[in-house]
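S.K.: Dropping the structure in here first, questions after.
The values are calculated or read from the model by the stated rules, or taken from the named source; none is laboratory data. For clarity, every value in this text was computed on a predicted model and none was experimentally measured. Methodologically, a virtual Cβ is constructed for each residue, glycine included, from the backbone with ideal geometry; neighbour enumeration extends over all protein chains shown.
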């Protein structure tokens with residue numbers, strides 16, 4: 001049994017009296033497509049924020065590749081190899097599509113700021129390299145034609161794909177996608193499903209995703225954990241989740 | 001090989017142009033020479049504040065404080081050198097000027113570090129208050145420190161620094177332009193756009209903010225040192241809040257984030273009040289009438305621009321009619337003002353009139369082009385070529 005790439009061990013966070021994530025425990029193996037679902041306010045995005053260092057857990061541990069990452073600041077978490085997208089799109093709106101992805105690759109840059117201020121050949125080459133890498137990622141995400149446009153001017157579905165391209169530019173091992181299919185039409189979400197599969201199959205990324213679109217999750221994810229009120233209520237393969245009484249209760253309420 | 005040829009060529013050209021400007025300054029009267037130096041200093045100040053405000057998005061309104069740190073560092077150094085007899089009252093030799101500039105660069109950079117550190121936790125208006133407060137505290141401390149001249153000020157031996165002022169300007173512009181051409185500059189911009197997203201992408205937001213403050217204030221400090229030797233005398237009144245606000249206005253007017261915008265706006269805002277010194281005194285009613293006419297005209301154009309947002313051209317018959325009505329309205333107001341006895345006998349002296357015009361230009365500018373002269377764009381050879389190809 002290989003070591004899991006990410007494991008949450010009794011991860012807990014409390015905001016005052018509210019326990020947003022309560023003793024959540026799960027392991028994700030390298031190369032898995034893992035789903036995290038649950039009704040609104042279940043604590044899914046808070047889980048992402050715990051993993052990426054936005055919040056520090058008040059209890060439990062988070063291990064990435066066997067290393068404890070509780071409370072490590074976000075930019076260091078990104079460097080370790082975890083990248084994320086945001087539920088409410090957070091692109092660098094005024095910058096070009098290409099520049100957004102270049103910034104994603106910036107954390108692997110190998111020059112210092114003085115070389116950039118003096119515009120030394122090393123800094124120019126490094127910027128060129130990041131630009132080429134960004135362009136290649138835009139090809140993968142089918143955004144190459146938009147490279148020079150402003151990120152904020154892209155249609156919604158393309159903005160979501162750009163977020164994934166930007167996250168991919170950090171060269172992560174683990175990709176966290178927060179509602180990647182939100183606001184997409186059936187065709188777009190179908191295409192996205194294939195793209196996410198491609199990220200795993202061709203690029204070897206492990207994917208943890210939050211999604212409300214059940215068709216999307218059930219078709220894509222291999223394993224799923226369901227949260228409600230910060231607690232895990234079910235886990236298993238899609239077929240098990242679909243018929244799980246607790247899950248049905250959480251989403252639809254109880255029969256009167 | 002070609003790279004270094006271009007690089008050395010452009011540095012050589014900048015030095016040559018600086019000395020050219022120096023020669024022009026030497027050939028002209030003392031007042032004009034002083035203005036040429038101050039124009040360069042203001043460009044440096046605006047471009048360096050643009051790095052903090054426009055590019056990194058940290059709203060700092062105390063830039064004069066760093067200018068002051070640099071200026072007083074140089075003056076203090078000069079006073080030590082004077083007391084040791086290293087330099088005489090006749091003038092500061094250029095090598096010592098350069099030493100003072102380097103020292104001021106460092107001290108102002110350190111001051112920037114200390115202001116940059118609280119900025120990690122503060123955003124927007126809160127940061128603005130801290131930077132404003134820092135400037136005022138510093139000014140008042142210096143005013144009450146006899147060793148630094150107190151409220152009287154310090155004399156320093158003068159030096160002819162115009163070429164070095166412009167070299168600093170070219171250096172500051174060059175550094176900002178270089179940053180923006182590389183991935184490092186993009187990380188600065190990303191902090192302005194969205195801090196949460198940029199830290200999630202691995203950008204060390206803390207380091208970027210501090211770097212912006214240190215680089216921006218260091219340039220302001222170097223400018224301050226050159227001011228000391230250009231003026232030969234400095235006191236705290238050269239570094240009041242007004243100065244900070246003028247620099248900030250230059251950045252906003254030029255288009256937040258645009259380096260070329262800052263340059264053009266700095267030159268315009270610096271030269272405009274100087275040119276207007278020769279404006280004749282005007283009767284109050286004429287001034288009021290003109291202002292009213294302009295207000296109507298600008299209001300009309302602004303309305304037309306809002307309609308343009310609905311997908312129409314602004315040059316429709318209605319616009320022409322509106323402009324006509326605005327001009328007529330201005331004349332009517334002016335004539336009416338003529339008959340108001342309280343107004344007819346007053347004239348506005350030119351010294352005050354120029355400030356009226358200056359403010360009116362700012363208001364008109366912000367109404368008609370709120371994104372600044374250049375918006376976020378840069379003006380350069382490349383943009384000319386792009387237009388030619390399009």
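S.K.: Could you pull out every one of the helices (runs of 4 or more DSSP H) wholly within the range B:183-273 that has 1 or more residues that are away from every other protein chain (no Cβ under 14 Å)?
M.R.: B:205-231, B:241-254
S.K.: Also, I was wondering about something else. Could you check the range A:99-156 and list, in sequence order, the residues that are more than 27 Å from residue A:188 (Cβ to Cβ) and within 20 Å of the chain's Cα centre (by Cα)?
M.R.: Of everything in the range A:99-156, those that are more than 27 Å from residue A:188 (Cβ to Cβ) and within 20 Å of the chain's Cα centre (by Cα) turn out to be A:106, A:107, A:108.
S.K.: Here are the criteria: (1) in a helix (DSSP H, G or I); (2) under 28 Å from residue B:249 (Cβ atoms); (3) modelled with pLDDT under 90. Tell me which single one residue B:59 does not satisfy.
M.R.: It fails just one condition, (1).
S.K.: Here is a further query. If you check residue A:172 against the conditions, is it in a loop (DSSP other than H, G, I, E, B) and more than 21 Å from residue A:38 (Cβ to Cβ)? Break it down into steps so the answer makes sense when it comes.
M.R.: Values: in a loop (DSSP other than H, G, I, E, B): yes; more than 21 Å from residue A:38 (Cβ to Cβ): yes.
Yes.
S.K.: I'm trying to understand the selection: among the residues of the range A:82-112, which are part of a helix (DSSP H, G or I) and at pLDDT below 90? Talk me through it step by step, then tell me what you get.
M.R.: Start the filter on the range A:82-112 by keeping residues that are part of a helix (DSSP H, G or I), which leaves A:97-108.
Residue satisfying the conditions is A:108 alone.
S.K.: Can I ask one more? Based on this model, can you work out whether residue B:287 counts as modelled with pLDDT of 75 or more, in a helix (DSSP H, G or I) and touching a strand residue (DSSP E or B) at 6+ places or on another chain (Cβ under 9 Å)? Can you show your working first?
M.R.: Numbers: modelled with pLDDT of 75 or more: yes; in a helix (DSSP H, G or I): yes; touching a strand residue (DSSP E or B) at 6+ places or on another chain (Cβ under 9 Å): yes.
Here the answer is yes, as residue B:287 does meet what is asked.
S.K.: What do you reckon, is residue A:197 touching a strand residue (DSSP E or B) at 6+ places or on another chain (Cβ under 9 Å), assigned to a helix (DSSP H, G or I) and buried (at least 18 other Cβ atoms within 10 Å of the Cβ)? Give the derivation first.
M.R.: Details: touching a strand residue (DSSP E or B) at 6+ places or on another chain (Cβ under 9 Å): yes; assigned to a helix (DSSP H, G or I): yes; buried (at least 18 other Cβ atoms within 10 Å of the Cβ): no.
Here the answer is no, as residue A:197 does not meet what is asked.
S.K.: Kindly indicate whether any position in the range A:238-247 is part of a strand (DSSP E or B) and either touching a strand residue (DSSP E or B) at 6+ places or on another chain (Cβ under 6 Å) or in the same structural domain as residue A:165 (by TED's automatic domain parsing) (or both).
M.R.: Of the range A:238-247, the ones part of a strand (DSSP E or B) are none.
No, because not a single residue in the range A:238-247 is part of a strand (DSSP E or B) and either touching a strand residue (DSSP E or B) at 6+ places or on another chain (Cβ under 6 Å) or in the same structural domain as residue A:165 (by TED's automatic domain parsing) (or both).
S.K.: I need a count of the residues in the range B:167-182 that are buried (at least 24 other Cβ atoms within 10 Å of the Cβ), at the interface with chain A (Cβ under 7 Å from one of its Cβ atoms) and touching a residue at least 24 places away in the same chain (Cβ under 8 Å).
M.R.: Qualifying residue count, the range B:167-182: 1.
S.K.: Do we have residue A:120 as within 14 Å of chain B (Cβ to nearest Cβ), crowded, with 21+ Cβ neighbours inside 10 Å and out of contact with any helix residue (DSSP H, G or I) (no Cβ under 8 Å at 6 or more places or on another chain) here? Spell out how you get there, then give the answer.
M.R.: On the way: within 14 Å of chain B (Cβ to nearest Cβ): yes; crowded, with 21+ Cβ neighbours inside 10 Å: no; out of contact with any helix residue (DSSP H, G or I) (no Cβ under 8 Å at 6 or more places or on another chain): yes.
Judged against the criteria, residue A:120 is not a match.
S.K.: If you don't mind, another one. Of the numbered conditions (1) under 30 Å from residue A:15 (Cβ atoms); (2) modelled with pLDDT of 90 or more, residue A:213 fails exactly one; give the number of that condition.
M.R.: (2)
S.K.: Please specify each residue of the range B:74-96 satisfying the condition of being crowded, with 24+ Cβ neighbours inside 10 Å and under 27 Å from residue B:51 (Cβ atoms).
M.R.: B:74, B:75
S.K.: In the range B:133-166, which residues are outside any helix (DSSP H, G or I) and either within 23 Å of the chain's Cα centre (by Cα) or crowded, with 16+ Cβ neighbours inside 10 Å (or both)? Reasoning before the result, please.
M.R.: Going residue by residue through the range B:133-166, those that are outside any helix (DSSP H, G or I) are B:144-145, B:149-161.
Those that are outside any helix (DSSP H, G or I) and either within 23 Å of the chain's Cα centre (by Cα) or crowded, with 16+ Cβ neighbours inside 10 Å (or both): B:149, B:153, B:154, B:155, B:156, B:157, B:158, B:159, B:160, B:161.
S.K.: Here is a follow-up. State the number of residues belonging to the range A:63-81 that are more than 9 Å from every other protein chain (Cβ to nearest Cβ) and touching a residue at least 12 places away in the same chain (Cβ under 8 Å).
M.R.: Applying the first criterion (more than 9 Å from every other protein chain (Cβ to nearest Cβ)) to the range A:63-81 yields A:63-72, A:80-81.
Retained after the next criterion (residues that are touching a residue at least 12 places away in the same chain (Cβ under 8 Å)): A:63-67, A:69-72, A:80-81.
Residues in the range A:63-81 being more than 9 Å from every other protein chain (Cβ to nearest Cβ) and touching a residue at least 12 places away in the same chain (Cβ under 8 Å): 11 in total.
S.K.: Condition first: more than 10 Å from chain B (Cβ to nearest Cβ), touching a residue at least 12 places away in the same chain (Cβ under 8 Å) and either surrounded by fewer than 21 Cβ atoms within 10 Å (Cβ to Cβ) or within 30 Å of residue A:193 (Cβ to Cβ) (or both). Can you find one or more residues in the range A:82-90 that meet it?
M.R.: Within the range A:82-90, one or more residues are more than 10 Å from chain B (Cβ to nearest Cβ), touching a residue at least 12 places away in the same chain (Cβ under 8 Å) and either surrounded by fewer than 21 Cβ atoms within 10 Å (Cβ to Cβ) or within 30 Å of residue A:193 (Cβ to Cβ) (or both).
S.K.: Scanning the range A:181-194 for residues that are in contact with a helix residue (DSSP H, G or I) (Cβ under 6 Å, 6 or more places away or on another chain) and not in a helix (DSSP H, G or I), which turns out surrounded by the most Cβ atoms within 10 Å (Cβ to Cβ)? Even if it seems obvious, please write down each step before you answer.
M.R.: Of the range A:181-194, the ones in contact with a helix residue (DSSP H, G or I) (Cβ under 6 Å, 6 or more places away or on another chain) are A:181, A:183-184, A:188-189, A:193.
Retained after the next criterion (residues that are not in a helix (DSSP H, G or I)): A:181, A:183-184.
Details: A:181: 25, A:183: 14, A:184: 19.
Here the residue is A:181.
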